[in-house]
Amino acid sequence: MSFDSMFSSAEVSASGLAAERMRMEIAANNIANARSTRAGGKGPFRRQQVVFESALADDIRGPRGKANALGGVRVVGVSTDSSPFPRVFDPGHPDADKDGMVTMPNVTMPFEMVDLVTASRAYEANLKALSAFRQMAEQSLSLLQQVR
């Protein structure tokens, strides 16, 4: 096993940490804007979602041309949810139309909370894997020191 391939599992966990952190940030942003009827002058806020991609597709050949079976994940971008905006009756709202209807953001709190919790659990799992890798590396180094 080469020295570079030894750290590839840590790189996979690190990429997962970064991707899940972004997912939590987007979910928190959606929750914060769940009642925003004016998002940049374009009407109600549109829910956003993070798009992931496997890093394996482009990283089959790592640096120095060696095959790398582990690639992790990367954030490709943030897409907007095109589901329809709900309309609620609130004649006192400043954005109400002549019939008293207000177009609200397409953010659903239960969906956002589930997304936030699953992203948090995935983040914790990647952190635990990274911690286990660190412990194994420390034990390996201490064994190597004892051999000398």
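None of the figures in this text is laboratory data; all of them are computed from the coordinates on show. Please read all numbers here as calculations on a predicted model, not as lab measurements. Reconstructed Cβ throughout: ideal geometry from the backbone, glycine too, with neighbour counts over all protein chains shown.
Let's test the formula: R0 of 41 Å, r as the Cβ-Cβ distance of Asp97 and Val76. What FRET efficiency results, to the nearest 0.05?
My answer for the efficiency is 0.65.
Could you work out [θ]222 nm for the chain from helices alone, using -39500 (n - 2.57) per DSSP H run of at least four and dividing by all its residues? Round to the nearest 500 deg cm²/dmol.
Taken over the chain, the calculation gives -16000 deg cm²/dmol.
First obtain the Kirkwood hydrodynamic radius of the chain from its Cα pairs, then insert it into the Stokes-Einstein equation at 37 °C and 0.692 mPa s, and state the resulting D in µm² per second as a whole number.
177 µm²/s
Could the peptides 39-47, 85-93 be put in order, highest first, of the mean number of other beta-carbon atoms found within 10 Å of their residues?
Result, highest mean Cβ count within 10 Å first: 39-47, 85-93.
At 0.36 nm per residue, minus the direct Cα-Cα distance, what do Lys128 and Phe89 gain on full extension? Give it in nm, one decimal, please.
Full extension of this stretch gives 9.3 nm more.
For Gln135 and Ala10 in one chain, what is 0.36 nm times their gap in residues minus the Cα-Cα distance, to one decimal in nm?
In short, 43.8 nm is gained.
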